[in-house]
1. So what J values fall out for the range A:343-360 if you push phi through Karplus, 6.51 cos²θ - 1.76 cosθ + 1.60 with θ = phi - 60°, rounded to Hz, Gly and Pro as x?
2. Could you size up the charge dipole of the range B:5-177 around its Cα centre, putting +1 on the beta carbon of Lys and Arg and -1 on that of Asp and Glu, and report it in debye to the nearest 20?
3. So if I take the centroid of the Cα atoms in the range A:173-205 and the same for the range B:78-142, what is the distance between those two points in Å?
4. Averaged over peptide B:15-23, how many Cβ atoms belonging to another chain are found within 10 Å of each residue's Cβ?
5. For B:VAL85, which sequence-distant residues (separation of 5 or more, or a different chain) have an amide H within less than 5 Å of its own amide H, given hydrogens modelled in the peptide plane?
6. If I take every Cα pair under 8 Å that is 6 or more residues apart in the range A:183-298, average their sequence separation and divide by the length, what percent do I get for the relative contact order?
7. Per residue of B:41-53, count partner chain C-beta atoms within 10 Å of its C-beta, then hand back the mean as an integer.
8. What ratio of Cα Rg to 2.2 N^0.38 Å holds for the range B:5-177?
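Computed from the coordinates by the stated procedures, all read-outs in this text should not be read as laboratory data. Quick caveat, the model's predicted, so the values are computed rather than measured. Backbone-built Cβ (ideal geometry, glycine too); neighbour counts: all protein chains shown.
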Amino acid sequence: ATQLASIEEDRAVEETHEGNSAEESYDAEKVDRSQDGAPGDSTSVTLEGDNGGSYFPWREELESLVRGGVPIALRGEMWQAFVGVGARKITGYYNKLLDERTDVLDEKDLKDQVVNEQKSSPKKDPKPEKWKGQIEKDLPRTFPGHPALDEDGRNALRRLLTAYARHNPSVGYCQAMNFFAGLFLLFMPEENAFWALVGVIDEYFEGYYTEEMIESQVDQLVLEDVVRERFPKLAKHTDILGVQVTWVTGPWFLSIFINMLPWESVLRVWDVILFEGNRTMLFRTTLALLDLYGPALVTTKDAGDAITLLQSLAGSTFDSSQLVLTACMGFQSVKEMGLRELREKHRPEIIAAMEERSKDRKSWKDKKGLATKLYSFKHDPSSVCPQVDSKEGADGLQVNGDSGSTTLGSYLTGSALENELDEGIDLQDQVKWLKVELCKLLEEKRSAELRFMLLLFWF
Amino acid sequence: MASRRRTLLKVIILGDSGVGKTSLMNQYVNKKFSNQYKATIGADFLTKEVQFEDRLFTLQIWDTAGQERFQSLGVAFYRGADCCVLVYDVNSMKSFDNLNNWREEFLIQASPSDPDNFPFVLLGNKVDVDGGNSRVVSEKKAKAWCASKGNIPYFETSAKDGINVEEAFQCIVKNALKNEPEEELYMPDTVDVVGGNRGQGSSGCC
């Protein structure tokens with residue numbers, strides 16, 4: 001009865017929405033309606049098999065039930081069914097992951113570990129799991145104040161995130177997963193929550209939360225395309241303001257709207273995402289939000305206003321039914337297949353940009369490498385200047401090199417720059433300092449070799 | 001877009017996870033502190049109207065996620081920044097050691113026209129914790145780092161108690177304006193509303 005009521009409510013909302021809907025989505029809606037087929041028509045061919053083999057005759061009815069909102073009492077069970085927790089579950093796997101390193105999942109040991117980390121002397125554990133520190137930091141920052149996340153709740157969250165990180169080290173732990181895991185823990189038993197998380201991260205959001213976050217970046221480029229196509233007026237306006245919609249939508253996607261929309265809306269969007277088993281609903285929801293707030297957005301006069309407005313309007317989207325209906329009906333023509341094509345198109349750009357940056361990073365490192373060499377010249381002149389073979393010159397240099405390295409030694413150990421040495425020192429500072437040092441040497445020895453070397457280093 | 005730089009100043013806050021970036025931003029903009037901040041995912045954003053030398057500016061403050069991998073998304077956020085605020089926790093050596101990494105990553109991704117003179121400001125946060133007894137990074141050490149990076153202004157702050165936060169952001173505004181004048185002189189469609197007060201001695205704010 002609850003379900004029926006909510007469907008009726010949604011139909012009503014749908015009617016209302018049609019009236020106010022922006023032209024851009026109105027057309028899409030009309031087209032989609034015609035594709036929709038009569039409810040309950042099990043022979044309808046509108047299901048395109050987006051979900052692989054999961055076609056079943058009453059899928060359409062279920063789909064509208066889901067879009068109408070899964071009743072809160074059934075949500076846990078339904079979500080597990082959608083993600084296929086039962087099918088994924090391997091008995092004993094979760095506990096085995098946790099047992100792998102029994103020593104680390106005890107609160108007390110964890111504290112020791114954090115202390116060890118800070119002192120950077122991980123004696124106790126030769127190779128602490130690199131995600132541990134981040135997970136610890138985020139436990140109290142996951143739905144802070146929520147009654148379910150008391151000490152037991154946090155321990156469960158810790159276990160869940162640790163188990164996932166061990167299960168898929170290519171992702172490990174990425175911020176945002178704490179919210180997903182926390183959300184699942186509110187609706188299902190711990191072990192099932194683990195398998196739900198596995199389904200979402202390994203499958204629906206594959207490549208999203210890995211170290212490079214490539215798919216996450218790809219999706220934002222795809223979204224930009226779709227926004228330009230669907231909302232040309234809005235896109236033009238944001239261009240003029242110098243705003244990228246993805247500044248706001250990036251965090252929406254990454255957090256799957258958690259903390260970005262009111263709770264009820266978050267849950268309603270998750271209903272659909274878990275049911276559909278892909279990321280299409282992220283796009284549809286975002287487009288629905290732009291549809292709802294676009295008219296207000298185009299009146300903004302600067303970048304700050306535009307972003308603030310979009311963020312705050314999204315945060316007050318309390319009419320979850322209107323949101324989900326606008327998303328699913330108004331933007332039904334946004335489909336996984338089309339999105340996939342756009343992703344293929346954009347992925348190379350992202351990968352190229354990433355490679356470019358890693359080249360930049362490498363050239364930074366090389367610069368630093370040079371700086372370190374300049375330092376080692378002071379320590380061991382012969383290694384850098386083997387060409388100085390005149391006995392007199394070499395001796396002279398050696399003497400000064402020694403005194404120089406004493407100065408250098410005290411300079412390094414006596415000051416805060418101690419750990420700078422490992423990471424390299426700014427090249428410019430290095431050159432300045434070397435100039436001064438070399439000038440001193442010159443004055444003292446006036447050796448021709450030194451003058452020659454000075455020239456070498458100077459230019 | 002020519003007029004963008006006129007009134008809008010974009011500031012990016014970077015630093016390790018949990019050093020208090022969100023708290024600093026909220027203390028400055030909303031004069032509030034909460035023990036219950038959520039981990040920032042991707043980036044968050046607040047604006048504040050500020051007055052500086054008789055001119056009004058809109059400060060756009062970008063709060064970023066501290067986990068290292070989110071740096072991959074940085075390009076979009078960092079571009080066009082007028083000042084970069086680096087934050088570390090005075091009670092965590094690791095957060096201090098990572099400053100080099102944050103600074104470099106910013107310069108690589110934002111690719112400012114003059115990286116050597118791009119304005120940074122360093123904040124050592126959480127000086128209130130444990131009455132300063134758990135502190136592991138000395139002021140001297142932090143200042144030496146700042147000196148080695150071209151005299152970056154440095155503030156010791158407590159977002160919790162509101163110590164030095166206002167002062168730090170005053171300095172941030174001042175530094176964000178440092179690169180402004182030349183660019184604007186050639187903008188034909190800008191009108192100096194308040195009167196040419198800009199470009200005068202805006203160095204050494206701390």
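1. With the stated coefficients, the range A:343-360 comes to 5, 4, 5, 8, 4, x, 4, 5, 5, 4, 4, 5, 5, 4, 5, 6, 5, 4 Hz.
2. 160 debye
3. 33 Å
4. The mean count of partner-chain Cβ atoms within 10 Å per residue comes to 2.
5. Amide H neighbours of B:VAL85: B:ILE12, B:ILE13, B:LEU14, B:VAL121.
6. The normalised contact order for the range A:183-298 reaches 24 percent.
7. Partner-chain Cβ atoms within 10 Å, mean over residues of B:41-53: 5.
8. 0.95
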